[in-house]
Each structure stands twice: as C-alpha cells, then as structure tokens.
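Undergrad: Structure below; questions to follow.
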Amino acid sequence: MMRGALVGLRARHEDDIPILEDELHGDVVTASRAQGRPWRPLTPGSKQSQFAVDDAEQGHVPFSVVELDGGTLVGTATLWGIDDHSRSAHIGLGLLPAARGKGYAGDVVATLCHYGFVVRGLHRLQIETLSDNAAMLRAAERNGFVREGVLRSSAWVMGEFLDEVLLGLLAREWRPAA
Ligand SMILES: CC(C)(COP(=O)(O)OP(=O)(O)OC[C@H]1O[C@@H](n2cnc3c(N)ncnc32)[C@H](O)[C@@H]1OP(=O)(O)O)[C@@H](O)C(=O)NCCC(=O)NCCS
C-alpha cells in the first residue's frame, strides 16, 4: 500500500467494484463530468467496468483509495497513459460522495505524485480537469501543479461544451510533504 497522511492507495479488490460502480459511475452527472465519454448503464459484474483491473496492462495503474484509519474504501485513483519513453503520465481520482470535503483529494494527489516520481521515476505528471472543478484544481495546485493551458470547449458534458484545464508538474519542481 502507498501511504499518504490520511489515505492509502492499495490494489483494487473485487468487492470494491460494485461500490465504485454504484457511487461513482451510478451518478450520471458526476460520471459524465469525470469520464470524457458518454454515460451508459453497465450490467453488474460486467468486465467492461472502468474499475475492473487487468494486471497485465502496463500503462495504467489503478488504485483503490482507503482511509488509513480503519481501511474504509473512499474512492479510486489512477496513474494512466504512462509513457516510458518521455517518462510522463496522467493522474486521475474520484472520491465517493461521503468522502468528499475531508481533505482527502490533496492527499491522494500527493500520494500519486510520490508513486509517479519516486516509485516509477517519471519526469512529468499531468492532470486534465473541467475548468469549473474548483476542488480538483485546488488539490492539484496545492501539490505544485501549474496551469499550462485551457482546452477551450474540449469536453461535451450533459448537453454543452465545457473548457478543460491542463495542469503539469515536473519531478524537479515537486516538493513532497514533509
Ligand atoms: C474532485 C474531488 C476528488 C475533490 O475532492 P473533495 O474531497 O471534494 O475536495 P476537497 O473538499 O478536499 O477540496 C480540495 C481543495 O479544494 C478547495 N475547494 C473545494 N471546493 C472549492 C470551491 N468551490 N472553490 C474553491 N476551492 C474549493 C478545498 O477547500 C480544498 O482546499 P484545501 O485543501 O486548501 O483546504 C471530488 O470532488 C470528486 O471525486 N469529484 C468527482 C470526480 C472528479 O471530479 N474527479 C476529478 C476528475 S479530473
């Protein structure tokens, strides 16, 4: 397990999947805002679940996020699009509704940075998020991510085009929490 200050990032367990499906994918608006593709219902137990894990897939590292105190599942975190040539990757996360507003988001980003820069030896991490996702932007920026640009009208979300913000952090700029 990768340990942050408040949360841990561990392997996905089979019984995490129905909870993540229900509470994250089941919320059509949140899922549509976070996924960048059209929402569709999914049969329980489907192998097509975005939360199902293929351990052989090298470019995509999915974690389940748990509270360090007690081990309760609180969300999902992913290092994805790993490019071993340019040593870069993207990060993404989603917290269950009951786990939001507790300061976990910044801790998840910090722990993903530790995994990306220290464990994987990456040079650059990147986040794309909707420009109105204030909590995600703040969680990224407090970990040192810099806004590098706005992708205008790049995301079709529930009937309208929205802007996305691209944020980046280089290994040499990263200041791990003490
Ligand atoms: C995005 C997400 C992970 C953020 O987690 P959260 O628990 O809601 O975020 P927090 O409450 O910890 O807020 C993070 C920071 O943003 C700040 N913040 C929250 N809402 C804010 C707002 N409307 N305006 C300004 N700042 C805000 C918080 O004060 C906090 O700052 P701090 O750490 O300096 O105190 C969570 O809302 C979520 O899972 N959303 C659905 C999925 C999603 O959007 N994923 C991201 C896709 S890229």
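Undergrad: Being touching a Pro at 6+ places or on another chain (Cβ under 8 Å), at pLDDT 95 or above and not small (G, A, S) is true for just one of T76, T72. Which residue is that?
TA: Checking each option against the conditions leaves just T76.
Undergrad: Say whether the condition of being surrounded by 21 or more Cβ atoms within 10 Å (Cβ to Cβ) and over 21 Å from W174 (Cα atoms) is met by at least one residue in segment 89-96.
TA: yes
Undergrad: Looking only at segment 17-37, which residues are without any contact (Cβ under 8 Å) to a residue 24 or more places away in the chain and outside any helix (DSSP H, G or I)?
TA: Passing the criteria: G26, R37.
Undergrad: Here's another thing I want to ask about it. Considering (1) of a type outside the set (F, W, Y); (2) part of a loop (DSSP other than H, G, I, E, B); (3) surrounded by fewer than 17 Cβ atoms within 10 Å (Cβ to Cβ); (4) within 16 Å of the ligand (Cβ to nearest atom), say which one D54 fails and leave the rest.
TA: The number of the failed condition is (4).
Undergrad: Now for a different question. May I ask you to list the residues in segment 18-33 that are away from the ligand (no atom under 13 Å from the Cβ) and either among the aromatic types (F, W, Y) or closer than 17 Å to E67 by Cα (or both)?
TA: Listed by number, the list holds a single entry, I19.
Undergrad: Next up: Of the conditions (1) in a strand (DSSP E or B); (2) without any contact (Cβ under 8 Å) to a residue 60 or more places away in the chain; (3) surrounded by 12 or more Cβ atoms within 10 Å (Cβ to Cβ); (4) more than 10 Å from the ligand (Cβ to nearest atom), A155 satisfies every one except a single condition; which number is it?
TA: (2)
Undergrad: Going by the structure shown, is R33 out of contact with any helix residue (DSSP H, G or I) (no Cβ under 8 Å at 6 or more places or on another chain) and under 20 Å from M136 (Cβ atoms)?
TA: Against the criterion (out of contact with any helix residue (DSSP H, G or I) (no Cβ under 8 Å at 6 or more places or on another chain) and under 20 Å from M136 (Cβ atoms)), R33 qualifies.
Undergrad: Also, quick follow-up: Filter segment 112-123 down to the residues that are surrounded by 19 or more Cβ atoms within 10 Å (Cβ to Cβ) and not aliphatic (A, V, I, L, M), then identify the one that is farthest from the ligand (Cβ to nearest atom).
TA: F117
Undergrad: Restrict the check to segment 81-99 and report whether at least one residue is hydrophobic (A, V, I, L, M, F, W, C) and assigned to a helix (DSSP H, G or I).
TA: Looking for residues that are hydrophobic (A, V, I, L, M, F, W, C) and assigned to a helix (DSSP H, G or I), one finds at least one in segment 81-99, hence yes.
The values are calculated or read from the model by the stated rules, or taken from the named source; none is laboratory data. Just so it is clear, the structure is predicted and the values come from calculations on it, not from any experiment. Counting neighbours? That spans all protein chains shown, and the Cβs are built from the backbone with ideal geometry, glycine included.
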